[in-house]
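The values are calculated or read from the model by the stated rules, or taken from the named source; none is laboratory data. Keep in mind that this is a model prediction, so the values were computed, not measured. Glycine gets a Cβ as well: all are built from the backbone with ideal geometry, and neighbour counts include every protein chain shown.
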Amino acid sequence: MSFGIDFGTSNSVVARWNGSEAEVVPVDRHGIPAEWRRPGFESLFPSVVGIRPGQERPSFGWMAKCESDYPVEAVKRMLLGDERIRLGTWDYRGTTVAAALFRQMREGAQRNLVDLSEAVITVPANATGAARYRTRAAARLAGISVKALINEPTAAAIAYAYDVPGEGRFLVFDWGGGTIDVTVLDYHDGLFEELASRGIPRLGGLEFDERLARLVARKLRSVPDPDTMSRKEKLWFRRAVELTKIALSDEERVQFFTPDGSDFTEVERIEFEEAVADLIERALEPVEECLESIGYGPDDIDAVLMIGGTSQIPKVRTEVARLLGQEPVSPLVCEPMAAVARGAAIAAAIMDGQIEDRDIAVVTHYDLGTGYWVGEGKRRFLSIIDRNSTLPAEGSRTAQPAVDGAASLKVEVWEGDATRPMDDARNFLLTRLELPIPVPGPATANRFRLTYRYDVSGILRIKAVLERTGQVIFDREINCFGEDGTPVEQDAEAELNRLLEQGGSLGQLDRERIPPQSPPSEEVQRQPGGDERQAEGDDAKPGPLVVDGSNLASAYRAVREGRKASYRQLKAAVDQLRREFPGREIFVVVDANFRYQVEDDERAAVERALQENEIIQVPAGTKGKADALVVEIAFRRSGIVVSNDSFRELQAEHPWLREEGRVLGGTLVSDEWIFKFRRPPAARPGPTDVAPAP
């Protein structure tokens, strides 16, 4: 039996090939609450993990979504950087939590007397190499062998082509809870080939929920105050907003009641459409970019497939139809929530030889290459495997040390757009490699042949051969990503067992309110900002927290792609810091133009905060901008910097930034900030970096 899994940001779906068709396997239908019982929802497994009310065990799926006091959503988004996730009093890596979700899907299938031990798993079309690897690692930890990773739009097209026989060129508009991906595919002679794909991360149903929540709050006579709402009331409010959004796709107006039933309002579909109009407009940009990249127009498209919950909002379907000049395929034919999983199951059947007249071809969506210095502090992205290469794909280049006598060759592996500057938001560092040179000498005598190879799942392997001797210096699958280079699966199995067997204990915390600060860890007691003296019984006042306000306000908001910073998000972070560090002095520093970086409806609040000295605005023209002032205040006051920035340009002057306990990083999980101490990555080296061979 062949299986497919659509591991989604908001919901996941499992499907199987039964010999004649692909059918959904409900893995959590008995847990769905009455208010969520809508057509197609019984096939969904919410990609949510939490802590069971009154217990120490973790919960998953519908129970975590609707009953947990501390649900964690959008785990899939966290696979890009393997962010830490707080469950009760424990922290887990994103890969580990994803593995727990895969494990629950497998166990849910077993309850249907189905052995889900191998599957084709889908990923966003524009998923990075790191996210792909972590997805596969998570499934493998859960006991699911990954036959292949295929892109979600490709899977949807496979399902459509199977259900509606005939060849053609399809545009898949994939808009779910977390991201939007637009892909153009050809289907001829039984072969699916991706021609181009474009997308926007962190733009989906979660952002629509946020806009609708603001609209509801404005319309209510008694506006809910987040600071006075209990934890359960907050969760209820959020779920009510989501249900209202879903209902507005079928009804022109929906009544919304406050958690205590003391107030209500009526939300009209047209109001909601106006509130999200700019989000829909942004979502059309990848459509135009995708067609333009391959020289096609709307008339070159034979069918438009719209998948994912957000794509089914009537205004979204209307605008896509207007742009492309044709009506999308009916959701009765291309099921928006199940098409991806069904297509993955069909793909698995093709690979297993159960369907003999079809094949699959997948292409890359980023340039893959290396970065090197070109002088005067400038760097260049050199592509080795170009975008839109059919997988498996391979490319090679020669490279040598930048200076004579080097003992190693430092190689940075990048994904992105080689035509853009290295610091462009679309370019990101996958990993760093340091290749030892057996016999240091002239740079030209130690030239390497670097071979990059993607397998059909988009998993990367790199081989480095010293040309002079033919010696293989490096040859392995890349499983270390980001600045710290920690292997994805290091200690992951033990961490998964801890999550599943022990869970996260809430102890005696008040489950009706936002939890107070956790007991100070050893890390906090050692911090140079003052807690070490306090732990020893000294009366000395601990140093302040110095918040990089612009950084936290912009976190996870894709500012470079047009989404503005959020003052509400910054305030929520500061409020959480006050709860975790009661009595600690807090300075919040923002850029000179911060008031113009936020949404228009937040500008007045920013002005008031500036007048009342709640936030500090760096003077215009300050060298180093707000970063410099944040670091200087922390240095003079022996404080702790709160930021996700690396401060590379300031590390030479302030080496203490990399000392333990001097920088606190923040992760936004759903609507809750989690703060953990971090060590910023070291400033990148200069002239010893890789140089292209002449």
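Values as computed for the structure displayed
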{"read-out": "Residues that are under 17 Å from residue 269 (Cα atoms) and in contact with a Phe, Trp or Tyr (Cβ under 7 Å, 6 or more places away or on another chain), drawn from region 279-315", "value": "279, 310, 311"}
{"read-out": "Pick from region 423-448, criterion in contact with a strand residue (DSSP E or B) (Cβ under 8 Å, 6 or more places away or on another chain) and surrounded by fewer than 17 Cβ atoms within 10 Å (Cβ to Cβ), ranking: nearest to residue 194 (Cα to Cα)", "value": "426"}
{"read-out": "Complete set of residues in region 77-121 that are of a type in the set (D, E, K, R) and closer than 21 Å to residue 431 by Cβ", "value": "77, 82, 83, 84, 93"}
{"read-out": "Candidates 397, 420, 342, filtered to the one that is assigned by TED's automatic domain parsing to the domain that holds residue 289 and basic (Lys, Arg)", "value": "342"}
{"read-out": "Complete set of residues in region 662-678 that are outside any strand (DSSP E or B) and at pLDDT 85 or above", "value": "662"}
{"read-out": "Test: residue in region 437-455 that is within 25 Å of the chain's Cα centre (by Cα) and either modelled with pLDDT under 55 or of a type in the set (S, T, N, Q) (or both)", "value": "no"}
{"read-out": "From 5, 32, residue being at pLDDT 90 or above and not small (Gly, Ala, Ser)", "value": "5"}
{"read-out": "Residue in region 1-33 that is farthest from the chain's Cα centre (by Cα), counting only those that are crowded, with 22+ Cβ neighbours inside 10 Å and among the charged types (D, E, K, R)", "value": "16"}
{"read-out": "Any pair with Cβ under 6 angstrom, 6 or more apart, that starts in region 144-158 at a residue that is touching a residue at least 24 places away in the same chain (Cβ under 8 Å) and ends at one that is among the β-branched types (Val, Ile, Thr) and in a helix (DSSP H, G or I)", "value": "152/340; 155/340; 156/340; 158/346"}
{"read-out": "Looking only at region 34-44, and only at residues there that are small (Gly, Ala, Ser) and surrounded by fewer than 19 Cβ atoms within 10 Å (Cβ to Cβ), the one that is nearest to residue 102 (Cα to Cα)", "value": "40"}
{"read-out": "Pair list, Cβ under 6 Å, 6 or more apart: region 603-616 residue in the same structural domain as residue 569 (by TED's automatic domain parsing), other residue surrounded by 11 or more Cβ atoms within 10 Å (Cβ to Cβ) and charged (D, E, K, R)", "value": "603/595; 606/595"}
{"read-out": "Among the residues listed as 176, 143, the single one being of a type outside the set (D, E, K, R) and within 26 Å of residue 417 (Cβ to Cβ)", "value": "176"}
{"read-out": "Single residue of region 481-510 satisfying the filter (under 19 Å from residue 146 (Cα atoms) and in contact with a Leu (Cβ under 9 Å, 6 or more places away or on another chain)) that is modelled with the highest pLDDT", "value": "496"}
{"read-out": "Residues of region 585-602 satisfying the condition of being at pLDDT 85 or above and over 28 Å from the mean Cα position of the chain (by Cα)", "value": "585, 586, 587"}
